[in-house]
Amino acid sequence: MALMRMVAFSGMSHAKSSYASAFKNTYPSSPLSALSTVSGQAGNLCAVCHGTSAPALNSYGTADSNSGRNFGSITTQDSDGDTFNNITEINAGTFPGNPACKPAGDATAPVVTAFSVPATSGSLTVAITSFTATDAVGVTGYLLTEISAKPSATGGGWSATAPANYTFGDAGTKTPYAWAKDAAGNVSNSLSASATITISDAAATSLVGVFKNGKRHLDLDGNDT
Ligand SMILES: [Ca+2]
Ligand SMILES: [Ca+2]
Ligand SMILES: [Ca+2]
């Protein structure tokens, strides 16, 4: 952005002011539309379509020209290849024909909006009743942990969709923590829930045999032999 602003050019003396008017009429709320159209001013509205060697068109100006000056037909293109499409840049007030000038990245973490598990469970594997999260740009990962410390976005265990269940290592009262992250590596705060796991021990812990003359008279199913 700074570099771009240093580059003054004769701008409007070359560009047709009708193009600037059309841009401002199409995007009246874009910060770009508030820029100067005075010839020769650095970073003026001419820079939307013209590069550092004005009057040559930059990548956005070229795309606009190729479209027949149809702004609306190139909004979803990323003319300068900086990963932000043209309308995103226009709305943000950055230049769609200058890859060095682009919107700031996603700095806002997702929010976990709901998380719950059954209060009791007879199995180490507990169903996740609800686990939802939102993010202004998009949630890219979900994670359950058993500690309250915020996990790293680059650590293991993240899944692209919310898990349907979680398996604990042993029985007892457990507090799982639910986290979400976005593509920029921002990790949410957690929501937690509590589940008490009780495993019934109905299985026999020892076997008793009945022997007569050195032979067992019950088989493993308890039948006389
Ligand atoms: Ca772009
Ligand atoms: Ca750009
Ligand atoms: Ca975000």
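What follows is calculated from the coordinates using simple rules that are stated; it is not laboratory data. These figures come from a predicted structure and were not determined experimentally. Ideal geometry is used to build each Cβ from the backbone, glycine not excepted, and the neighbour counts take in all protein chains shown.
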Alpha carbon centroid spacing (whole Å) that separates the range 150-193 from the range 56-127
26
Extending each Cα 7 Å along its Cβ direction at residue 213 and residue 167, get the distance between those two points in nm, one decimal.
5.0
Amide H contacts under 5 Å for residue 50, restricted to residues at least 5 apart in sequence or on another chain and with H modeled in the peptide plane, are 58
